[in-house]
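The structure appears below as C-alpha cells.
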Number of protein chains: 2
Amino acid sequence: MYGPKSGLGFVAVAAILSLLLGIFIGQRSSSSSSKLPEAAHLRVKRCDSQGGYEVEERSQLQKLVEDRWESEQHLNKDILDLINTTNLRNNLKELSSRPILAGTERDNELARMIQQRFVESGFDSSELVPYDVLLSYPNQSNPNLITIHDGSDKVVFTSRFKEEVLHKDDGDPEFIHSYAAYSPPGDIKTKPGTGLIYVNYATIEDFDKLEELGIDVAGHLVIARFGKIFRGNKVTIAQERNATGIILFSDPNDVAATGTSPADVYPNSFWIPGSGMQRGTTYDGLGDPLTPGWPSTRDAYRLDEKDVVLPKIPCQPIGYDDAREILKKLGGPSPSRRVEGMVLKKSVTTLGPQLLDEFRDHSIRLQSHNSLRITKSYNVIGTIKGEVEPDRYVLYGNHRDAWGYGSIDPSSGTAEMLEVARVFGELKKKGWRPRRTMVFCSWGAEEFGLMGSTEWVEDHVNKLQDRSVAYINTDGCVSGPNLQVAASPLMWDPIKKITKLVPGVSDGETVYDEWAADFALQNKSQPVIGTLSASSDHTGFMFYCGIPSLDRHFGFDTSKYDIDIYPSYHTGYETFYLVDKFLDPNYRILQGCGRMSALLLKYFSDSAVIPYSLSKMAETIEENLVRLKANGVGERLVQIYNKFPVLEEAVTNFTQSINKFVKRIEQTKDTMGPMLLRAVNDQMMKLEQTFILPPGLPGRPLERHAIFAPSLYDAYGTSAFPGISDLLFRINTSKDKVKKEQRKETLRRHISDVTIVLQRAARFLEDFQFI
Amino acid sequence: MYGPKSGLGFVAVAAILSLLLGIFIGQRSSSSSSKLPEAAHLRVKRCDSQGGYEVEERSQLQKLVEDRWESEQHLNKDILDLINTTNLRNNLKELSSRPILAGTERDNELARMIQQRFVESGFDSSELVPYDVLLSYPNQSNPNLITIHDGSDKVVFTSRFKEEVLHKDDGDPEFIHSYAAYSPPGDIKTKPGTGLIYVNYATIEDFDKLEELGIDVAGHLVIARFGKIFRGNKVTIAQERNATGIILFSDPNDVAATGTSPADVYPNSFWIPGSGMQRGTTYDGLGDPLTPGWPSTRDAYRLDEKDVVLPKIPCQPIGYDDAREILKKLGGPSPSRRVEGMVLKKSVTTLGPQLLDEFRDHSIRLQSHNSLRITKSYNVIGTIKGEVEPDRYVLYGNHRDAWGYGSIDPSSGTAEMLEVARVFGELKKKGWRPRRTMVFCSWGAEEFGLMGSTEWVEDHVNKLQDRSVAYINTDGCVSGPNLQVAASPLMWDPIKKITKLVPGVSDGETVYDEWAADFALQNKSQPVIGTLSASSDHTGFMFYCGIPSLDRHFGFDTSKYDIDIYPSYHTGYETFYLVDKFLDPNYRILQGCGRMSALLLKYFSDSAVIPYSLSKMAETIEENLVRLKANGVGERLVQIYNKFPVLEEAVTNFTQSINKFVKRIEQTKDTMGPMLLRAVNDQMMKLEQTFILPPGLPGRPLERHAIFAPSLYDAYGTSAFPGISDLLFRINTSKDKVKKEQRKETLRRHISDVTIVLQRAARFLEDFQFI
C-alpha cells in the first residue's frame, strides 16, 4: 500500500531535505537508487513520546519523478507470467468462431464484448465510439462472377465466388462472397478474339515493360497476380493505363508453394487450395472517402459520392484454380508460358492478347455487383488512467474486423489485446496504476481503408497531438514465428530492449535472440527495423499526426519461403483451426505478442524520461539522405534546385541538435524535478510532429509526414523523403514538358519545406530559448 | 535567498507531511495561505544535540505549485513605481528622433539598440533574427506625382510628395516620400473629359451605390477618402470594379476637424495641415507575399513575383489640400457637392464623371514609381527564462518600423517595452525570476504587412503552438487618453483585473475607472472589449496559431471626435514633438501602458493556474451565434443547410463543458499537485488552438481561426463565425448561379467543420478521458 500514514512523527532530516530539494534541483530515485538509497523512500522515523522506530514510506511526492519502469522491475516478471496461453487460445477461439465483416451484427457484437471485457478488467473508461463510414459490399444473392463464353455465347466457364468448405467449422452461411471492396459494379464483356492481358503484378514497371513490348492494355481486361504491391495500387495503375477491368489471382507459388494437391494444402497444411480467394479493399485513401480530413460523425458533412476518388474499373479476386483455367483459355500464346507466368516471381512475362486458335471466338465477361453503403462502425476505446500524468497517452490499438474468420488478421491481435487488458486489470485491482494513461483501442472497419482509426484520429486530433507519447499497433500478430517490426526510429531501441526481456517463442532464450538469429541468416549483425507503411491503423497516428508509432507481428519464415504474406491472408481458410493446428499450436507466439505489447506499454507509460531512441531518428534520416542521393540522384537534385545542399546541412544540424540534447538528458536525467522532466518529455514527444506539413505531402493531404511516408505507388511500401522521391519519379516519367516544369517547381518548393521542417526540428530541441 | 541550507536537523513532521502530500494530492500555498500557513514555508525545526530552533525556509518544491502572482503581490507596487516617466520620455525621444522605415539603416540601428537594451536589462537571451522579405519602396529621386493637364497638355497642378516642414525637427532628409506600399508602378493618364470619379470610402457599399446610380467606374481613375476600412481593401475593391487607379486622401473632417487654418493644426495642435499624407501598405495578405505559410529565411523557396497576389492598380495617397484642388477641377458636377463630399461622413455622394465645362479639356495623370525589393528585416527576441516552467512562454511584442518618425506608431509602444524590460531586469538582478519564460519581441516591417511577426510565427509555429500561454501586443500605445482593448475572450477578465491595479492616467483612480467612465458615456455598465482584427502583430499568433492574444492602446477620445484614428497617423507629423507637446506631455498615459503591460505579463507568467476567463469565451461565442442568426439569417442558414442546428447544439455543449471545467478548477485549484496543475493549464492553453482549421478559412489559408477572424472585406474589422458570414455574403451577392451553388456547398461543408471544431473544443476540456 502506498497511501499516506497518519499520525505525527519525526523525520530524518538528511534524507528528507535531500529528497525535497532533490525533487526540484535534485535527484530522482530509480536508476540512481544505488547512489542515493535515501531518496528512493521517505524514511519516517517516529520519535514521539512512545520512542522511535522506523517506517519506510514511499512519498507521494516521489511519484512525480519516479521512474516506475526501473523501480517496479519486479512487476515485469509478474506480467510475463500472467499472460496466459489458455486465455489467449480461448480469446482467439471466441473471436474467430464466426466471420467479422465490418459493420455486420457479429462485428458489433464483438465490439460490445470487448467493451465489456475492458469493464471487467477494471478499466477507468470503456466506450463504444461509432462512425458512419462508407463501406462497400458484394451482393450476397447475386455474386460477382467471371465467365467465359464460346462462339455461340455458351458459358464454358464460371468462376467460384466462395471457398470450398474443407473443414467442419468453415461453412458459416454469412461468410462474405469473394469481392474487391470499393470496386465499382460493372458488366464487362470482351469482344471475341481480344482475350485478356496478363500483366504480372500490375506494377508500373510491368505495364512499362508491356508497353515496351508493344502491348497496349487500353480497352482490355487484364489479369494480374497478387503480390509485390497493395492491390488497390494495382487497380489504380491498370485504370491509369485505361484497362477496362482487372482480375486478381493468388499465385500458387505464393499460396501453395509446396504443391497444390489436397495433401499439400489446407486443411492438411497452412498452404491453401485453389479456391482460396484474397478479398480486400481497393480504395487507397485513408479513412472514409466521404469525409477526408474530418470525422464521419453522424452529422458531419459528406462529399457527394460522385466527387469521391474511388476505383473506376471493376476488379475481382479469384483463386488459382480458376486463374489457371482462365489463363489457359484466354491468357496468352502458350500454355507452358502461362504456367510459367504463374510461378515466375520476378520477371515480367510477355503474355499478350494473342489467343490460341481454339479460343479465338471466346469472350470473357466480368460481372460485379458491389454496392456502397454508409454503415455504422464501432471503435472501442478503453482507458486506464495514469496516476501521475493522466493527460499523457500511451495508445495500443488493433482492428477488430476481418474479411472472414480473421483468426490471424486481426483476431490474433485482438486475442492478445484482451489478455493484456486483463493482466493490467489484475495489477490495477491490486492498487497499481500506470504513471501515464493507457488507451486501448479496438478499431472498426480497418480492412476497408483504416476507417475506424482514421476517423477517430480526425475526431481527436488536438488531444492526440497534444498528449500522445506513442501508438503501438498490433494487427494479425501471429502468422509465423519470425518477428517483424516497423516503427518510428524513436521506438527502435525500446522495442529491442523489450524483446530482450521476453522469453523466446520457439527455441531462443529471448525474442530478441530469435529475432537476431533470423537476421543473422541474412548476415546482419542485429535485427533490422523498418519505417512504417500505411498497412494498418498506425497510419493516422504516424502520418497524419506525427505521433511516434510502432507496428509488429510474427510473420512467415522468410528464409524458408520467399512470399510476401501468409497464404491464407484474407481468404476463407484463415480459421481458428489454421492457427490452432499449424501456426501456433501451443500459443507461445501469441503469448510472445502479448508479453511484448504489455511490457512495451508499461515501458512507455512508466518510464520517467520517455525512452525514445532519439539518436536513431538522426541516424535514420542521415542514412536515408545518403540513400536518396545515391546513383547520381544527389547531383540531379542540385541541378534541379541549387539549394538542395541547404537540406543536407539541415540534416547535419538536426543530428548535432539531437546529439546535444541526448547528452544533456543523460547528464541531467537523474536530477530533474517534475516540471523539467515534463518539459523535456514534451520536447521529445512533439519532435516527430515538427515533421508534419500542415497541408500534407504534395498532392497527399492526409499523409503529412515530411520525412517518412507510405510509398505513393504502393501503400504497403515505405519511403524516406517521400515527397522528394515521388516528385523526382514523376518528373522523370513525365512526357509533358509543361507538367515536367511544374513538377520541378513543386519539387523546389518541397525541398525548401523539408529543409524548414528539419531546421524547426533542430531548434525544437534547444533549451527552450528562441535563437 | 531560497537555496538549500546544509546541516542535519529534525523537522516538524506535521508540517512536512502535509506539505509533501499537499504538493501531490494536497494544497497550494498562495491563495490558500491563510488556511494553511504551514504549507507556505518549510519549517525546519532543528532538534539536534545542540537543542532545537526554528528556521523558516521556502521549499524549492513549493515553487512548483506556488501562485507567485498571489504570493508576490508586494512586487506589483514595486513594478508600478519602477515604470518611470523620465525613462519613457527619453526612450521615445531617442526612438523617434529619425524616421524608421523598415529595412533602412536606422531601423537596423534601432534593432541593435533594442537588442543591447535587453542585454543590459539582464535578459537570458537577446537575439537579432533576420528575415529576407519583399518590401516596396518609392523612388526617392523620382517621386510619385499626380498632375492635371489642360487642353494643351500644360501641367496646371502637381501634387506634393512630402509634407511641408512646420517644426524644426521634422526635416529629416531621409523621410520617405508619400506612397502606398505594394502599389505597382504605373503611369495613367485619363482622356480629356473623363475626369475622375469620387467613390467616397471605396467600400463595397459605395461602389454598389454608384452602380445603382448608373455610374460605372470601370476604366476610370477614382478618388476616395481614407477611413472606414483598411486602405488595402479599398484598392482591392476598386480593382475588382476595374478602376484604373485610385487616389486616397485624408478627409479634413477626420484629420483637421476643428478647422484647417494654420492655428488649428500642427505644430499648433494635434490636427494636421493639408500636406499631411497617410502612407501605408496596400497589401492585404499576412507576411511576406513570396513565402505564404513558410518563413522567409535566407534560403527559403520563394514564389515568383508574377505569381503573387499584390495590388494591380496604382494607388497614391495625398493630403487634403491637394485633394481639394483635384476635386475642384475634376471630381464632379458641382464644387459645393464636392466640398460636401469631403465632410459628409456617412452618405455616399453622387459625384460622377460629369465635369464642369471649364475643365472638360483637362486630363489627370498618376505617375507611380514604386519598386519591390527583397530586404533584410530584423526582429529582436529577448527572453527572461522561467524558473519553474521555462518551456512556457508569455510573449509581449511590438513592431519597430514606422512610416516616419513613428512617435505614436510604434515608438510609444517600443518606449514602453524598453521600460518594461528594464523593470523586470531590475527585479531579476535582485534574484527574481518569473515562473514561466517571458519573451519580448521587437518586430520588423510590420507596416508592410506584419512581416516580421508573421515570418517568425511561421518559423517557430511548433514551439509557439506547443508552449505559448499568451501573446500581448502593443503598438502605437498612446494616441489619446481612452483605453481600447481587443482580445481573445480568454483574456477579457485578466485585462480588466490588471486595469484595476494600475493608477489612472488622467483623472480616474485606476485605469479601469477611467475606462469604465468612457463606456458609461455610451450607457454601457462596463467597458466593452472587442475581438481582434488583423491590425497588428498579434495576427499570426491569434489567427494562424490560435494563441490567446491581446492588443490594446490608449486612443482618441471618441466621445469628443467621431474619427477612426488619430489625425497624424502615418504622416510626417507623427513626431516626438506631437506626443511631448499635445498627446501625453507628462507621460502618464505611456506610463499607464507600461504598467499594464508589466502587470499583465507578470500575471500570465506567475499565476499558478493560468488566469484565462474561460466563461467569457463561451459567452462570446453564444452571443455571436445569436448575432449571426439575427434578421432572419438563422432561418436562411437552416434553409441552406438543414444541419445548422447541430452547430447551435455544439455551441451549447461547449458552454456546458466550459462551465463544468471552470467549476472543477475552482474546486481543485488549491489542491492540485504540479503535474495536474500543468495538465489543467495545458488544457486551457491549447483550447483556442482547437478552433484552428488546418487548411484555413475557406479561401484564406493563413487565417485559420474558425470562430473569430479579421473581416474578409476589411482587415481592420473583425467577424465572428467569419467563414459563415463571408460565404453568406458571397452567396447573397453572387449573380452567377453555378458559383452561388458552389458557395452554398462550401458553406455547408464549412458549417460542418465549425461544428466539429466546437465539438472537439468541448471534449478537449474533459477529464483527459476519451468519451
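The values are calculated or read from the model by the stated rules, or taken from the named source; none is laboratory data. What you see is a predicted model, and the numbers here were worked out from it, not measured in a lab. All Cβ positions, glycine included, derive from the backbone under ideal geometry; neighbour counts span all protein chains shown.
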> Could you give every pair whose Cβ atoms fall below 6 Å, whose first residue belongs to region B:573-593 and is in contact (Cβ under 8 Å) with a residue 24 or more places away in the chain, and whose second residue is in a helix (DSSP H, G or I) and aliphatic (A, V, I, L, M), counting only separations of at least 6 or pairs across chains?
Replying inline: B:D584/B:L590; B:Y587/B:L88; B:L590/B:L88; B:G592/B:V511
>> I need every pair where a residue in region B:91-120 that is among the acidic types (D, E) has its Cβ under 8 Å from the Cβ of a residue that is not in a helix (DSSP H, G or I), sequence separation at least 6 or different chains.
In response: B:D107/B:I100; B:D107/B:L101; B:D107/B:S377; B:D107/B:Y378; B:D107/B:R400; B:D107/B:D401; B:D107/B:G444
>> Out of the residues in region B:681-712 meeting the condition of being part of a helix (DSSP H, G or I), touching a residue at least 60 places away in the same chain (Cβ under 8 Å) and at the interface with another protein chain (Cβ under 7 Å from one of its Cβ atoms), tell me which one is surrounded by the most Cβ atoms within 10 Å (Cβ to Cβ).
In response: B:T690
> Which of the residues that make up region B:728-748 are within 30 Å of the chain's Cα centre (by Cα) and within 13 Å of chain A (Cβ to nearest Cβ)?
Replying inline: B:T746, B:L747
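Can you tell me which residue in region B:644-656 is nearest to B:K744 (Cα to Cα), limited to those that are away from chain A (no Cβ under 13 Å) and of a type outside the set (A, V, I, L, M, F, W, C)? Write out each step before concluding.
At the first step, the residues of region B:644-656 found to be away from chain A (no Cβ under 13 Å) are B:651-652, B:654-656.
Restricting the remaining residues to those that are of a type outside the set (A, V, I, L, M, F, W, C) gives B:652, B:655-656.
Details: B:T652: 25, B:T655: 28, B:Q656: 30 Å.
Per the criteria, the residue is B:T652.
For the condition out of contact with any Asp or Glu (no Cβ under 6 Å at 6 or more places or on another chain) and assigned to a helix (DSSP H, G or I), what is the one hit in A:Y566, A:Y544, A:Y573, A:Y561? First the steps, then the outcome.
Details: A:Y566 fails: assigned to a helix (DSSP H, G or I); A:Y573 fails: assigned to a helix (DSSP H, G or I); A:Y561 fails: assigned to a helix (DSSP H, G or I).
After ruling out the rest, the residue left standing is A:Y544.
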> Of the residues that make up region A:271-278, is at least one crowded, with 24+ Cβ neighbours inside 10 Å, in a helix (DSSP H, G or I) and either more than 24 Å from the chain's Cα centre (by Cα) or modelled with pLDDT of 95 or more (or both)?
Replying inline: no
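Let's see how each residue does on (1) of a type outside the set (D, E, K, R); (2) at pLDDT 90 or above:
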position	(1), (2)
B:I318	yes, yes
B:R324	no, no
B:K329	no, no
B:G332	yes, no
B:M342	yes, no
B:S347	yes, no
B:T350	yes, no
B:D357	no, no
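What tally of residues in region A:564-587 results from selecting those that are over 20 Å from A:N84 (Cβ atoms) and under 22 Å from the mean Cα position of the chain (by Cα)?
Pass one, region A:564-587, residues over 20 Å from A:N84 (Cβ atoms): A:564-575, A:577-578, A:581-582.
Right, trim to under 22 Å from the mean Cα position of the chain (by Cα) and you get A:564-571, A:574-575.
Number of matching residues: 10.
Before we move on, is A:G444 buried (at least 24 other Cβ atoms within 10 Å of the Cβ) and in contact with a Pro (Cβ under 7 Å, 6 or more places away or on another chain)?
Numbers: buried (at least 24 other Cβ atoms within 10 Å of the Cβ): yes; in contact with a Pro (Cβ under 7 Å, 6 or more places away or on another chain): no.
No.
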>> Here's a check for you: in region B:519-548, which residue that is surrounded by fewer than 24 Cβ atoms within 10 Å (Cβ to Cβ) and out of contact with any Phe, Trp or Tyr (no Cβ under 9 Å at 6 or more places or on another chain) is nearest to B:E446 (Cα to Cα)?
In response: B:G530
> Of all residues in region B:302-322, how many are free of Cβ contacts under 8 Å to residues at least 12 places away in the same chain and surrounded by 20 or more Cβ atoms within 10 Å (Cβ to Cβ)?
Replying inline: 0
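What's the total number of residues in region B:666-680 that are within 14 Å of another protein chain (Cβ to nearest Cβ), part of a helix (DSSP H, G or I) and within 20 Å of B:E766 (Cβ to Cβ)? Quick ask: steps written out before the conclusion?
From region B:666-680, those within 14 Å of another protein chain (Cβ to nearest Cβ) are B:668, B:671-680; that's our starting set.
If we keep only those that are part of a helix (DSSP H, G or I) as well, we get B:668, B:674-680.
Right, trim to within 20 Å of B:E766 (Cβ to Cβ) and you get B:668, B:675-680.
Within region B:666-680, residues that are within 14 Å of another protein chain (Cβ to nearest Cβ), part of a helix (DSSP H, G or I) and within 20 Å of B:E766 (Cβ to Cβ) number 7.
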> more than 30 Å from B:F691 (Cβ to Cβ), surrounded by 24 or more Cβ atoms within 10 Å (Cβ to Cβ) and more than 14 Å from every other protein chain (Cβ to nearest Cβ), is that true of A:S377?
Replying inline: no
>> Can you tell me which of (1) farther than 18 Å from B:G193 by Cα; (2) touching a helix residue (DSSP H, G or I) at 6+ places or on another chain (Cβ under 8 Å) is the one B:V222 doesn't meet?
In response: (1)
>> Go through (1) touching a Phe, Trp or Tyr at 6+ places or on another chain (Cβ under 9 Å); (2) outside any strand (DSSP E or B); (3) away from every other protein chain (no Cβ under 14 Å); (4) among the hydrophobic types (A, V, I, L, M, F, W, C) for A:A516 and report which single condition fails.
In response: (1)
> If A:E387 passes every condition in (1) over 23 Å from A:L550 (Cβ atoms); (2) within 12 Å of chain B (Cβ to nearest Cβ); (3) at pLDDT 95 or above but one, which one does it miss?
Replying inline: (3)
> Is it the case that B:I724 is more than 25 Å from A:I692 (Cα to Cα), in contact (Cβ under 8 Å) with a residue 60 or more places away in the chain and in contact with a helix residue (DSSP H, G or I) (Cβ under 7 Å, 6 or more places away or on another chain)?
Replying inline: yes
>> B:V165 - would you say it is touching a helix residue (DSSP H, G or I) at 6+ places or on another chain (Cβ under 9 Å) and of a type in the set (A, V, I, L, M)?
In response: no
>> Please pick out the residue among B:L128, B:L101, B:L110 that is touching a helix residue (DSSP H, G or I) at 6+ places or on another chain (Cβ under 7 Å) and surrounded by fewer than 18 Cβ atoms within 10 Å (Cβ to Cβ).
In response: B:L128
> How about region B:396-478: which helices (runs of 4 or more DSSP H) wholly inside it have at least 2 residues that are away from chain A (no Cβ under 14 Å)?
Replying inline: B:411-429, B:451-459
>> For the list (1) surrounded by fewer than 22 Cβ atoms within 10 Å (Cβ to Cβ); (2) at pLDDT 95 or above, I need the number of the one condition that A:S734 fails.
In response: (2)
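Can you find a residue that is assigned to a strand (DSSP E or B), within 30 Å of A:K429 (Cα to Cα) and not small (G, A, S) anywhere in region A:104-127? Steps first, answer last, please.
Filtering region A:104-127 for residues assigned to a strand (DSSP E or B) gives A:125-127.
Retained after the next criterion (residues that are within 30 Å of A:K429 (Cα to Cα)): A:125-127.
Next cut, not small (G, A, S) only: A:127.
Taking every residue of region A:104-127 in turn, at least one turns out to be assigned to a strand (DSSP E or B), within 30 Å of A:K429 (Cα to Cα) and not small (G, A, S).
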>> Filter region A:366-395 down to the residues that are of a type in the set (S, T, N, Q), closer than 24 Å to A:E305 by Cβ and part of a strand (DSSP E or B) and list them by number.
In response: A:Q367, A:S368, A:S371, A:T375, A:S377, A:N379
>> Taking the conditions exactly as written (away from chain A (no Cβ under 14 Å), surrounded by 17 or more Cβ atoms within 10 Å (Cβ to Cβ), at pLDDT below 50 and in contact with a helix residue (DSSP H, G or I) (Cβ under 6 Å, 6 or more places away or on another chain)), does B:S96 satisfy them or not?
In response: no
